[in-house]
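Comments concern the structure below.
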Amino acid sequence: MRFEMRLAGSGGQGLVLAGIVLAEAGLMDGNFVVHSQNYGPEARGGNSVSEIIFSDEEIDYPRALGLDLLVALNQRSCSDNLPDMKAEGLVIVDSTPVKKVLWGKVLRTPLQREADHTFQDPRVVNMLALGVLTPFCPMVSEGSLVKALSGRMPSTSLDQSLKAYHAGVARGRELQTGAAFHEFEDAIEV
């Protein structure tokens, strides 16, 4: 089985780190894994893409052939990456900046808003996204992701990152158990 995913957003959102954590967790779970990253020349605000390919056999071509899962944190990233989706692929978007998604299977959740308001830390948006996608990625376990995350994060931010990750997993499970793929918005107290 080959499973391809892409995390796309803006520079500074920590998507490269999230991709590395996913790749390391995939290795811990016994998969073959390829991780690649692409980002604009801007330090913050430019495009940032982290691509992860998992397989139960050796990977002979290290680029995505068709995405099974796309996580997009802004409109441009969503629009730019939709052409690379498999017909049955799933798109998860940050519902505040991404308004238009011309795709069949879409889940929406306010990731940046939750990072800002619930955690008072915009930097944990990557951990929330990582958590939300966990139930939809059959190639990695939650335990391996926590272990990989714990090995990558500095001790000063590990606790907050783990809290955000677990909140994201809970949100992902809520989305997964929904009757159908539809817009999912929670009111967040400001």
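Rounded to whole Hz and in sequence order, give me ³J(HN,Hα) for region 71-82 from the Karplus expression 6.51 cos²θ - 1.76 cosθ + 1.60, θ = phi - 60°, writing x for Gly and Pro.
Values per residue, Gly and Pro as x: 10, 10, 9, 8, 4, 4, 4, 5, 4, 5, 9, 4 Hz.
With the full set of protein chains in place, find how many percent of the accessible area of the chain is carbon and sulfur; take the probe as 1.4 Å.
52
Identify, among PRO135, GLN120, PRO154, the residue whose Cα sits farthest towards the positive end of the charge dipole of region 92-173, taking +1 on the Cβ of Lys and Arg and -1 on the Cβ of Asp and Glu, with the dipole about the Cα centre.
After comparing all options, I get PRO135.
Using a 7 Å offset from the Cα along the Cα-to-Cβ direction at both TRP103 and ALA87, what is the distance between the two label points in nm, to one decimal?
With each label placed 7 Å out from Cα toward Cβ, I get 1.7 nm.
Quick one: accessible area per residue over the chain, 1.4 Å probe, rounded to a whole number of Å²?
47
Which value in nm describes the separation of the simple spin-label points at HIS117 and GLN37, placed 7 Å from the Cα toward the beta carbon?
3.0
Enumerate the amide H contacts of GLY11 below 5 Å, restricted to partners 5 or more residues apart or on another chain; note that Pro and chain-start residues carry no placed amide H.
Result for GLY11 returns GLY45, GLY46, ASN47, SER48.
Hey, rough spin-label estimate for ALA170 and THR156, points 7 angstrom out along Cα→Cβ, what's it come to in nanometres?
2.7
For region 53-190, what proportion of DSSP beta bridges, expressed in % and rounded to the nearest 5, is antiparallel? Don't jump to the answer; show the numbers that get you there.
Numbers: 0 of 10 bridges.
Expressed as a percentage, antiparallel bridges in region 53-190 total about 0.
If each DSSP helix of 4+ residues adds -39,500 (n - 2.57) and the sum is divided by the residues in the chain, what number results at 222 nm, nearest 500 deg cm²/dmol?
Numbers: 6 runs with 71 residues, N = 190.
For the chain, the value works out to -11500 deg cm²/dmol.
Tell me which residues come under 5 Å, amide H to amide H, from LEU67 once H is placed; ignore anything under 5 positions away on its chain.
MET85, LYS86
For region 99-181, what log10 I(q)/I(0) values come out of the Debye formula at q = 0.15 1/Å, with one point per alpha carbon and no solvent?
-0.55
I'd like the FRET efficiency for GLU142 and LEU27, computed as 1/(1 + (r/R0)^6) with the beta carbon distance as r and R0 of 25 Å, rounded to 0.05.
The computed FRET efficiency comes out at 0.95.
Once fully extended, how much extra length lies between ASP56 and ARG76, figured as 0.36 nm per residue of separation less the alpha-carbon to alpha-carbon distance?
Gain in length upon complete extension: 4.0 nm.
Hey, can you list the DSSP H helices of the chain whose Cα span along the axis is 18 Å or longer and whose average Kyte-Doolittle score is at least 1.6?
Helices meeting the criterion: 15-28.
Amide H to amide H, which residues 5 or more places from LYS105 or on other chains are under 5 Å from it, using H placed in the peptide plane?
Those qualifying (amide H under 5 Å, at least 5 residues apart or on another chain) are VAL91.
The values are calculated or read from the model by the stated rules, or taken from the named source; none is laboratory data. Please read these numbers as outputs of a predicted model, since none were measured by experiment. Don't worry about glycine lacking a Cβ; one is built from the backbone with ideal geometry, like all the others, and counts go over all protein chains shown. The accessibility values were calculated without ligands, DNA or RNA, using every heavy atom of the protein model including side chains. Shrake-Rupley method; radii C 1.70, N 1.55, O 1.52, S 1.80 Å.
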